[in-house]
Structure formats: structure tokens, C-alpha cells
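Below: one structure, written as C-alpha cells.
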Amino acid sequence: MLLRGVLLALQALQLAGALDLPAGSCAFEESTCGFDSVLASLPWILNEEGHYIYVDTSFGKQGEKAVLLSPDLQAEEWSCLRLVYQITTSSESLSDPSQLNLYMRFEDESFDRLLWSAKEPSDSWLIASLDLQNSSKKFKILIEGVLGQGNTASIALFEIKMTTGYCIECDFEENHLCGFVNRWNPNVNWFVGGGSIRNVHSILPQDHTFKSELGHYMYVDSVYVKHFQEVAQLISPLTTAPMAGCLSFYYQIQQGNDNVFSLYTRDVAGLYEEIWKADRPGNAAWNLAEVEFSAPYPMEVIFEVAFNGPKGGYVALDDISFSPVHCQNQTELLFSAVEASCNFEQDLCNFYQDEGPGWTRVKVKPNMYRAGDHTTGLGYYLLANTKFTSQPGYIGRLYGPSLPGNLQYCLRFHYAIYGFLKMSDTLAVYIFEENHVVQEKIWSVLESPRGVWMQAEITFKKPMPTKVVFMSLCKSFWDCGLVALDDITIQLGSCSSSEKLPPPPGECTFEQDECTFTQEKRNRSSWHRRRGETPTSYTGPKGDHTTGV
């Protein structure tokens, strides 16, 4: 179903040394390189002229799967797995497109871990880059294609390549450019230089990798700039595993006074942060830059050049590399999710409060009027604003541990409200600076079911070290009640990013569906997915355990 004419363009994508690919790699020229179709599923078809394998609706129908299983692999060093793929569908079936999933199956596990998933249709080949952390365990890669709706639905794989190193590294010698992409601009763009390519305006004598005219590099030229502050961006693949260390690269700048060369990070929420800027033009040779880089959650690196006019010269870039060792013996302020979280079963962990009455660690035996703690139902939680300690205007503050700045955090906790005629602001969360100066209120209760454990989740990021502070307010003696708090967790990254992939096998919150759990038959005695209270009085919970609603 893929047009034969497209194959001519594909040949330009063929990698150098395709016949001598490393283990876990395949260019699908004459064989599938030890990757086999699983018998219980649709077969992947090797194109008669080589270049790719595919599955489409001429061999199966909507919902059917084709599974490709790799031979045994091992990644004793950090590795990068790249997949060149294409998903096509007809315009009338965009609501239910085909899907491509990539799993990892370790030798001592009986289930598959989903690493990546895509279902966006495309008219061209796309590149996915996945960082594989080093492990002594052997594993297999499973690639699953699920056919979508329509008579022209198809999924094709052009190449799989597994190499030692980080996906963010690149010497720009291969045609896929390691998954780096240029953000198109009508006037200024990043181009491949070197090799047989020559540009009359910016001829660099040699690349940095091979010190040769035949080597390649990336460059951006100001010759077509028509406006002030024309910007060109070269964007790296998204990191898929936590990493921290030293990012280095080589660059050349001509006429540096009329251009600005900067390096940014961008997370999945689109937040930019500048981590480096060229402070001088440098000499005519390649200049080395070393930048402290931390990606505890998925991030892109963006090389950006801004020109002030057509005489801004050029900027060239080559040999991006990464080391887990910090630049010039710099040390990083480490964050520990364990130290920043607490379920209050043993004590207050690393949380503390002002002197005087405030939050009290309590244990309550569950009954029809009050639930136990959120963690186990039989353990401890924190309680504030009891009738015995309440005063008009009473405030109880609970301080969390110090959090390093310039990192994105996801704060999750569970709370329950009892009493209170007016519920707004009975519990609020603030960000405090190190010296206990209030900076910002980031969350507060608006309205909530009474007596039910509710989940709250907040994503935040601040440039300076901060503390999370829980504040319970009793506005008057006549409108005071109880506020319960339990299971506080603080993790790196956005709260929403964890929802992109389904949970690991065996885990399910039943918020969207029944995950991978199944029932033999459905009748009156079956399990039913439900929201709120159970249908019989004085039995069962008032709400679910995950969020309360």
C-alpha cells in the first residue's frame, strides 16, 4: 500500500554500513535479521524490493495485531534504540488510527514492559529514539502493530537500530541525524554541511569528527535573513530515561556580534530554560562547550541561533556527546523522592511544623462514619483543626523538606474534610522560599465531598530552592472542623506525563477501563466498574481509593 515512488526517496535514508548493523538492528534489506513474527498474530511482510517490512488491512482487519520479536539482546552499557516507522490511514478513519507499540521483555519476567507507543498517521517516515539504561539482564524487543479502521490502514518499519551511547549524542554522519530535527523557518534553517554539500556563503574547511572535508556537521547561515531576530532551532530527540551529567559539543561562530547562539531545554509541557549561551565569537577553529545538563524527566535540547540581519554570519555545530560525570567536577544538588514523601505510618518523616497546636498524627478505627487512614485503612494520618485546638483565625502549617530549584515537581496527596460550613481555603498548599517567605499559593480546596479521601495533584517549578507548605485555616470558632492529610508524594516531572503510557501489567486504578484484567463471563455476579458509593446502604466505600471521585 505504500507507493512505490516513495521507495526512491527512502534509498537516501539508508544508513552507511547497513549490512554490518549491531545486534538488535535491522535495515530489512533481504531479511528480518533474526526478528521473527509471532505465530499467533498477523505476519509482518518483507517488501519484495527490500527496504522495509509492513502489515496492512489486505492481510487483516481492524483490531488485529502483528507482533515482531527480536532475538536475545543485552545492553551492558547505556544504549539508544532508534525506530524508523510510518503509520498510514485514510482521512475518514482518523478517529481510530493504527497503533505501533514497543515493549521490552526481560528474561526473568513473565510480562512485557511498554516503552513507547505511537498512533499519529504520517505521509513520511518518522524516527523514534529510546534510551535503554544499562543492565546485565538479557531481554527481547517486541514491536506490536495494531491495525486501525479503514481499507488503507498500514504500518511499516524501515529500520531498527540499537547502538551504544545516549540518544542525545550525534556526530551528524548518518542520514537520520540521530533524530534531531530542524524547526522550519521561511528564512533561516539548520542544514547539513560537509561531504559533497557545499554552500557558497559558508564553507567550512573540515568537520570536527573526521577533520575532513568529507565529514558532516550542522550549520545555519544568515544570508537569507529578512527581519531582526530571525530564529533557527535544531531540536534533539526527547529523553526517555533520567540522566544527569555533562553535555558537550563543538561549534564555530562567524561574526558573533550579529548573532546569538544559545542552548535551551524544553519539557513536555513546553517550558523552556536557557542553560548556555555563547559569550564570545571564538576563533576560526572548532570551540568546545561543556554544559551541566540534568533531565530527571523527559526533555528536549534545543540549539537556537538568533540573527539580527543578513550579515550575521553563520554558526556550525558538530559532535554532541554526553557523559554521566559532571562537568569540571561540579556536583549536583540531588533530589530524593523517598525523602520528600511521607505516609505518616512511623513519624512525620522529613516534615515539620510550627510550635504549638497544629497537625497531629492520629490513628482511627474505621467505621460507617469515618474511614481509617488512606494508606492501609488501619494506620496513621495527620489531623488539623480539631475542636480542642481551634481558635478564630487559627492556622496550622506543615512544612516539607527543601527542594532544589529549576526542577519540575509533581506533588500528590490525599485529604479529607469533616465539618466546616464553608469549605473554601480550609486546606491550601503554598510554596515557601528557604527563609520561610511566602511566595505563592498553588492550590486550595474549593468544594469537596465530606468524609471521603480525595486526591490532589499539582505540577510546579521554581528557579530557587523551595519548600511545600500545607496550611489549614479555621476562620472562626463557629465554622471549624477537621482536615485530614495522608500519603504525600513528591516526584520529578509533570503529573500529567505519567498518564501517556498505560500502567505496568498487573497495575490498575480502573479510572479509564479494566486495563489488562479480564472476566470469563459477565452476569449479575460479575465485577462491575463503579463510581461513588456502593448500591447497598451502610456497606462498601463512599468513593474510590485513587482520587475519591
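The values are calculated or read from the model by the stated rules, or taken from the named source; none is laboratory data. None of the values given here were measured: they were computed from a predicted structure. When we count neighbours, we look across all protein chains shown, and the Cβ atoms used for this are built from the backbone with ideal geometry, even at glycine. For accessibility, only protein heavy atoms count, side chains too; no ligands or nucleic acids. Shrake-Rupley method; radii C 1.70, N 1.55, O 1.52, S 1.80 Å.
Exactly one of these conditions fails for CYS80: (1) under 30 Å from VAL231 (Cα atoms); (2) open to solvent by less than 10 Å² (accessible area, probe 1.4 Å); (3) free of Cβ contacts under 8 Å to residues at least 60 places away in the same chain. Give me its number. Only one criterion is unmet by CYS80, namely (3). Residues of region 276-313 that are closer than 26 Å to GLN229 by Cβ, open to solvent by 50 Å² or more (accessible area, probe 1.4 Å) and assigned to a strand (DSSP E or B): LYS277 alone. Somewhere in region 239-257, is a residue at pLDDT 80 or above, in contact with a His (Cβ under 9 Å, 6 or more places away or on another chain) and open to solvent by 20 Å² or more (accessible area, probe 1.4 Å)? Yes. Of the residues making up region 85-136, those that are among the polar types (S, T, N, Q), in contact (Cβ under 8 Å) with a residue 12 or more places away in the chain and open to solvent by 80 Å² or more (accessible area, probe 1.4 Å) are SER95, GLN133, ASN134, SER136. Scanning region 340-356 turns up one or more residues that are open to solvent by 70 Å² or more (accessible area, probe 1.4 Å), touching a Pro at 6+ places or on another chain (Cβ under 6 Å), modelled with pLDDT of 90 or more and not in a helix (DSSP H, G or I).
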